[in-house]
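Written out below as structure tokens is the structure these notes cover.
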Amino acid sequence: SFYYGTFPAGFLWGVGSSAYQTEGAWDKDGKGPSIWDVFTHKKGKVFRNETGDSACDGYYKVKDDIQLLKELKVNHYLFSISWPRIMPTGIKTEQLNEKGIQFYNDTINSLLENNIIPIVSLYHWDLPQALQEKYGGWQNISMINYFNDYANLCFEKFGDRVKHWITFSNPWAVAEKGYETGEHAPGLKLSGCGAYKAAHHIIKTHAKVWHSYNNTWRSEQRGMVGISLTSGWGEPVDPYNQTDRDAAERYIQFHLGWFANPIYRGDYPEIMKNYVGRKSAQQGLGTSRLPTFSVQEKTYIKGTSDFLGIGHFTTRYVIQKSFPLLQASSYNTDHDLAELVDPKWPAPGPKWLYSVPWGFRRLLNFIKTQYGNPLIYVTENGVSEQVQCTQLCDEWRMDYLKGYINEILKALNDGVNVKGYTAWSLLDKFEWNKGFSERFGFYHIDFKNKNKPRYPKASVDYYKKIISANGFPNRREVENWHRKAMDTCSSIHQLLDTDSLITHMETVTEILLPTVFTLCILISIVLLIFYLRNHS
């Protein structure tokens, strides 16, 4: 049932994005290549071979996009810094890029001038390519010190104004999709061990950065350092069946617990250690494929988060499923489970993203119980559409936001310590191996137009109303928001249609005029030749 009520005073409302997905300017002003630049330039890695070379041209449109944030009336903006933009090879002693540092200084200053709090992620997947080539990226323990140097440079240059730092955004995807399945950059398929090794180094890196901030910068800058973990909720198919309940527990522990447990409790989840350890032994391995932390490392890692960032998009039903030993070892078979969905769940966009709001409240309560009710900021939550035609009247996104934000309100009443919400995302942008085929934005971008104009969808008006009211005051008012938002999008659609026609005509003109001009010259030359021949 829907709960009408408002959020506590001071609750933060925001929206997010990431560097590679939006900035473009991939090789401009001294920026070094990232693993995503190299990965997307290889044919067959991304849908339609699209790249983020120019993306949303965010590098050139900072002031325009900050106006959109003002229009949305958000309190904060979550964005990431591109490591190779400020440190082209990833190594501090080799080279710093002052133009890149200036870009982020200007962005942070512009946000603050407009009363928007910057929440900054140090890593949203764009590792400097030089570190991948020299060391194998997150497979190598040397990343810990290189990343710590980079983080300290960011604290030094921006920490006087940035008070909310995220070390890693969704490290689960970095490890599993980058080093296990190879769907994401750097595209390595190190099945059964690659993801665990990458995650192990990321967790140790996170802890080192937290300690660096704590020891060197905290007393002066008085900020916070956390991590952003993305996880779905796993619900047992039969809640009265112990086997299903155990499988659902494993689903959460192999996703969220993999990273959260070491940070909040000092080690990997017991169930994860047991399952990977047992399967490793059955495969004849002398040690577990899941690395271990020393006693000193456990102590060092435990408690290294001032807040927990949570990304959440969807839910799965979970049942027990055993995989035969003959199969090659894999993270995805280690947890002995299968994921199911209810065909009645709405799936407005891609088939992985079903709208199941009640799963969010359960996930938040699980975090409260498991990790001692930490301070939580929701760092990513949203829904995409798959592009067949331009859709500005995104009714399904309004329904998704209404449902998921309402579950946060219920979780607050359960005693969960949530202090802020970040909708994902500000703009339609480059969606990794899906290219531009999935669109999460509040603002539609016409990527065929070289100016990359932004057009508000109906959800802009709707989210703005939620922010202004700090929640959902009463049924009549909330229903009225929906009607007004749908009315607004119709007129913007007409503007977009007109602009698209003009763009199409400009494109045709750009192609046609030079062609006609060339033909005229050729005809003139032919006629001139005939004329000269006749007169000779």
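The values are calculated or read from the model by the stated rules, or taken from the named source; none is laboratory data. In this text the structure is predicted, and so the values were computed from the model without any measurement. Note that we place each Cβ from the backbone using ideal geometry, even for glycine, and neighbour counts take in every protein chain shown. Just the protein is used for accessible areas: all its heavy atoms, side chains included, with ligands, DNA and RNA removed. Shrake-Rupley method; radii C 1.70, N 1.55, O 1.52, S 1.80 Å.
Enumerate the pairs (first residue in the range 454-472 and within 21 Å of GLN391 (Cα to Cα); second residue anywhere and hydroxyl-bearing (Ser, Thr, Tyr) and open to solvent by 10 Å² or more (accessible area, probe 1.4 Å)) with beta-carbon separation below 6 Å, excluding pairs fewer than 6 apart on the same chain, so at least 6 apart or on different chains. Once the first residue is within 21 Å of GLN391 (Cα to Cα) and sits in the range 454-472, its partners that are hydroxyl-bearing (Ser, Thr, Tyr) and open to solvent by 10 Å² or more (accessible area, probe 1.4 Å) give ASP461/THR488. Of all residues in the range 507-533, none that is acidic (Asp, Glu) and modelled with pLDDT of 80 or more has its Cβ atom under 9 Å from the Cβ atom of a residue that is open to solvent by 70 Å² or more (accessible area, probe 1.4 Å) and part of a helix (DSSP H, G or I), 6 or more apart or on another chain. Residues in the range 186-245 that are part of a helix (DSSP H, G or I), free of Cβ contacts under 8 Å to residues at least 60 places away in the same chain and buried (at least 20 other Cβ atoms within 10 Å of the Cβ): GLY194 alone.
So which of LYS419, LYS450 ends up being open to solvent by 10 Å² or more (accessible area, probe 1.4 Å) and assigned to a strand (DSSP E or B)?
Working: LYS450 fails: assigned to a strand (DSSP E or B).
Selected residue: LYS419, the only one of LYS419, LYS450 that is open to solvent by 10 Å² or more (accessible area, probe 1.4 Å) and assigned to a strand (DSSP E or B).
All told, LEU392 falls short of being within 29 Å of TYR443 (Cβ to Cβ), in contact with a Phe, Trp or Tyr (Cβ under 8 Å, 6 or more places away or on another chain), modelled with pLDDT of 95 or more and not in a strand (DSSP E or B). Scanning the range 322-339 for residues that are in contact (Cβ under 8 Å) with a residue 40 or more places away in the chain and open to solvent by 70 Å² or more (accessible area, probe 1.4 Å) yields LEU325, ALA328, GLU339. The residues of the range 78-112 that are more than 16 Å from ASP37 (Cα to Cα), part of a helix (DSSP H, G or I), in contact (Cβ under 8 Å) with a residue 60 or more places away in the chain and among the hydrophobic types (A, V, I, L, M, F, W, C) amount to a single one, PHE103. Each residue in the range 92-130 was checked for being farther than 21 Å from TRP424 by Cβ and within 19 Å of the chain's Cα centre (by Cα), and 2 of them qualify.
Among the residues of the range 252-308, what is the count of those that are of a type in the set (Val, Ile, Thr), farther than 25 Å from ILE319 by Cβ and in contact (Cβ under 8 Å) with a residue 60 or more places away in the chain? Talk me through it step by step, then tell me what you get.
To start, the set of residues in the range 252-308 that are of a type in the set (Val, Ile, Thr) comprises 252, 263, 271, 276, 287, 292, 295, 299, 301, 304.
From what's left, farther than 25 Å from ILE319 by Cβ: 263, 287, 292, 295, 299, 301, 304.
Filter once more, keeping what is in contact (Cβ under 8 Å) with a residue 60 or more places away in the chain: 263, 301, 304.
Matching residues across the range 252-308 total 3.
Across the range 64-102, the qualifying residues are those that are more than 26 Å from PRO128 (Cα to Cα) and touching a helix residue (DSSP H, G or I) at 6+ places or on another chain (Cβ under 6 Å), and the one among them that is surrounded by the most Cβ atoms within 10 Å (Cβ to Cβ) is LEU72. Which condition does GLN282 not pass, out of (1) at pLDDT 95 or above; (2) at negative phi, if it passes all the others? It fails just one condition, (1).
For the range 113-125, the tally of residues that are assigned to a loop (DSSP other than H, G, I, E, B) and either among the acidic types (Asp, Glu) or within 22 Å of HIS206 (Cα to Cα) (or both) stands at 4.
Looking for whichever is open to solvent by 20 Å² or more (accessible area, probe 1.4 Å), within 29 Å of ASP446 (Cα to Cα) and at pLDDT 95 or above here; the options are ASN105, ASN145, ASN152. Which one fits? Spell out the reasoning first.
Values: ASN145 fails: within 29 Å of ASP446 (Cα to Cα); ASN152 fails: within 29 Å of ASP446 (Cα to Cα).
Testing whether each residue is open to solvent by 20 Å² or more (accessible area, probe 1.4 Å), within 29 Å of ASP446 (Cα to Cα) and at pLDDT 95 or above leaves just ASN105.
Does GLY415 fit the bill of being at pLDDT 95 or above and farther than 20 Å from TYR463 by Cβ? Judged against the criteria, GLY415 is a match.
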